[in-house]
Structure formats: structure tokens, C-alpha cells
1. Determine whether THR154 is without any contact (Cβ under 8 Å) to a residue 24 or more places away in the chain and β-branched (Val, Ile, Thr).
2. Test VAL123 against the stated conditions and say whether it is in a helix (DSSP H, G or I), closer than 30 Å to ALA354 by Cα and among the β-branched types (Val, Ile, Thr).
3. When only residues in the range 305-314 that are in contact with a Ser or Thr (Cβ under 7 Å, 6 or more places away or on another chain) and assigned to a loop (DSSP other than H, G, I, E, B) count, which is surrounded by the most Cβ atoms within 10 Å (Cβ to Cβ)?
4. Check the range 78-88 and report whether any residue there is in contact with a helix residue (DSSP H, G or I) (Cβ under 6 Å, 6 or more places away or on another chain), under 27 Å from GLU122 (Cα atoms) and in a helix (DSSP H, G or I).
5. Which one is modelled with the lowest pLDDT among residues in the range 315-338 that are buried (at least 17 other Cβ atoms within 10 Å of the Cβ) and among the acidic types (Asp, Glu)?
6. Evaluate the following for GLU19: is it surrounded by fewer than 20 Cβ atoms within 10 Å (Cβ to Cβ), of a type in the set (Asp, Glu) and not in a loop (DSSP other than H, G, I, E, B)?
7. Which pairs turn up if I take residues in the range 95-116 that are over 11 Å from LEU194 (Cα atoms) and look for partners that are among the hydroxyl-bearing types (Ser, Thr, Tyr) with beta carbon separation below 8 Å, at least 6 apart in sequence or on another chain?
8. If I go through the range 173-213 residue by residue, how many of them are in a loop (DSSP other than H, G, I, E, B), in contact with an Asp or Glu (Cβ under 9 Å, 6 or more places away or on another chain) and surrounded by 17 or more Cβ atoms within 10 Å (Cβ to Cβ)?
Amino acid sequence: MGAHLVDSIIYKHLWGTPELHGLLDDEGRVQSWLEILAALAEAEAELGIVPVEAARIIREHTDVRLLDLEKVAEQTRATGHSTLGLIRCLQEVLPEAAGEWIYHGATVQDLSDTWTALVMREVARILDRDLGRAEAAALALAERHRDTIMCGRTHGQPGLPITFGFKAAVWASELRRHRARLAEGRRRWEVVQLGGALGTMEFWGDQALPLLAAFADRLGLATPDVPWITARDRVAEFVGLLAMVTATLAKIGQEVYDLQRPEIGELREPFMPGQVGSITMPHKRNPELSEHLVTLARVVRADAMVALEGMIHEHERDGRAWKTEWVVVPEACLFTGAALAFGCRLLAGLEVDADRMQANLRAQRGYVLSEPVMRALADRIGKHAAQQVVYEAALAGLERGVDLEAALLADPRISERLAPEEIAGCLDPRAALGAAPAFVDRVVAGRDGTDPAGR
């Protein structure tokens, strides 16, 4: 049973994925720590700092199942130190000849920061995969509904016609840019940490820099130009990107949430048999996925702010700043993974009601096409004068309860300058789409102003 929802038997499916839980739970974290310690011992053995046999034995014992994690927890509480409990329990399972060489010269932050770098690498891989799935689903919607006309809205009010494909293409392009950001940022995030007490690597003397390179090489990480004990910009950038990814998914969710309202009824979430919207109002079909995308994004944005606060670091080590990352990095990763899983499901199963889109557009009685009329009239009397005339004619028509065409024909300032067939042409929704279909084609083809890698 878990006090935090990410560990709740009942609710954890809403706050993470099994894949990410396996990476970030106690077993996953300690297993990764053991592999880091084994890599350190092997790198030290390579340089003659640690006996080769000791490094071999440490590697053979790189298995979290050899440890009693309850005892590790008890020793951690007893010592008041983050990893001394782990060290003591490791020494109990290691032969004496190897036990003295475990964790040789490293600090807690060397271990945990290197683990964070490995987590960022693995999570970036998972996110790129799932962002790709979300992008593909959005592209499929854009292509399928390239010419599906709907009412565009600004400030929550009806505006010009667009196509639903145009809306979905905006989503796909934004998701694609997140993949480019991930690819570009990995060279900064996937960097080993090994500094010793204050980051100067004084423990290892002249072998410090060769050891740093050997350690990084064994873990498949890059070497930093200087240890990053107090430089937390890597973590802040990574969590900030997670906040951006979830914000995009929340924007999509918010749009579906709004357009699913029965009075609009243009989109609907996928709905599974047996799914219940309300236990008091049986008719309800609530937008659960859309709502939860917004919820998850709010928490990840809060995590990003805490990660940003960690950049304000005192002197050469500041546990107040650094240890907050132990909370926000796993949490933000879990929530972002969950958001992507739900976002993929939402996009792949989204129901689009093209007939309702047409009906809602017709219900505007032509008023959403006032701009094409203004543009045509501007050629005769100037743009600003045309805006004022069409504005006054539209207000008068709305007050009389007639459609825009009737309102325009009734105003001699317009009808004497634009023939009835010209006015009718301006009121054709397809003539007002501009380059919307062409923009869909550009996004579908990958022509978004950048190359496919986002450079």
C-alpha cells in the first residue's frame, strides 16, 4: 500500500506506467546504483587504484536481490546517512577482500547524480518513443481531416472557419518539436558525475581525469568539463522539458474537453464499454482522459519550478537544493510517462463529428465570414473604412435577427459596391480557409521549417 498515489494499488495506473515504475522504484534505483558502483570499481581497477579481483567480485554481486532492502532502510535510519546503510549491507554480502573497495572515494552525490543522468537517458528514450506515437496519431488526424471544415474560435468565441486537420497539424508539429528538443538536450543531460568530497577529485590524485573518462565510458555517459555538484541546470532543463511536453498534452486535452461539451459536440474521447462517468447521473460520458492530462501537467509544472529552485546552490554542496531532485525527478518522469500514455490513447481513439462541425458553423448564420467581406470591400473604400462599415452592418443584422448575407445586402454602403454574387462568394466557408490545407500538407510531409531532426 502506498501513501503517495504513484504507489497506490488502486490509483497508481493514473500516475505512472509499469515501465517507469520499474525504473524508479526502490528495486530499480538500487539495482542501478549497484551497477554504477561496479562500473566505478572496474574503472578504478583499470587504473590500478582497486585490485582487479575486488572489482570482479563487486561486479558479480551487482544484484539487488542479494540485499535485504528492509535492512538497508533500517541502517539508513540508524546512521542518518543517505547511503551508508547500503554500504554496510553490501559489505555483509561481499567477501572481505572486496568489501573495503566498494564505493572507493565516491560520495553520495557522485552515485545519485550519475543515477539521475542514467534516468534522464532512459526516460528520454521512452519519451521519444511515445512522443513519436502521439505525433503519428495527430498526423493521422490531420491527414484524415485535412478538409473537414469547422468553426475556429478565438477568445472562446466563434471566428473564421478552419479545418480540423489544421488544428491537429498544430498539435503534431508541437509534439515533433519536443522530440527535437529531447534529441538536442541529451548531450547535456547524459553526463557522468564523479567529483569526490567537493568536486575536485582530490582523492584520486593524478589519476583523477583518466578515472573520470574510464568511469563515464563504462556507463555510456559523457564526461563533464567540470563536476556538476552545484550546477543543477541539467536537471532543471530536463524537468522543464517534461513540463513543456505535458503542457502540450494538456492543451490537447483541454481542447477535447471543451469541444466534447454537448452544446458543441464536435469531438469525443474514446469510450470503453463499462466505463462510468458518474455514479449519480448515469447518462454522463465524462472526458476523463482530457481532464487527467490537465491535472498531470499542473503537477509537472510545479515540479519544474522546484527543480529550477535547485539551481540556487550554496557553496560546494547544498543538500537542501539537491535532495529536492530526489522527489521531483522521479515524480515528473512518472507523471509525464502517464500523460503520454493517456495522450496517445486519446489521439488514437478520438472521435470527430464532422456533421456537428458543419452544423455549428451554419448556426453562426454567416457572421464568422465577416473578414472575407471586409477584405473584398477594402479594395473599394480602404481597409479601415471597410472594417467600420461591415462592423456596423453586422451589429445591425444581429439586432434584427437576420443572417449576415441579409444584413450586408440591406446596407447600401456595401450592396452598392459589392454585387450579390460577390457577397455570396465571400460567404463560402471553403473560400475562407486560406492556406490551412497547405499547412496540413507541410506538417504531414515533415516540412515544418526545419529538417526532420529539428535542427
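The values are calculated or read from the model by the stated rules, or taken from the named source; none is laboratory data. Because the structure is predicted, anything quoted here is derived from the model rather than measured. Here the Cβ positions follow ideal geometry from the backbone for every residue, glycine too, while neighbour counts run over all protein chains shown.
1. Answer is yes for this residue.
2. For VAL123, the condition - in a helix (DSSP H, G or I), closer than 30 Å to ALA354 by Cα and among the β-branched types (Val, Ile, Thr) - is not met.
3. GLY310
4. So far as the range 78-88 goes, yes, one or more of its residues are in contact with a helix residue (DSSP H, G or I) (Cβ under 6 Å, 6 or more places away or on another chain), under 27 Å from GLU122 (Cα atoms) and in a helix (DSSP H, G or I).
5. Among those residues, the one meeting the criterion is GLU325.
6. Yes: the conditions hold for GLU19.
7. Within 8 Å, the pairs are TYR103/THR83; TRP115/SER32.
8. 6
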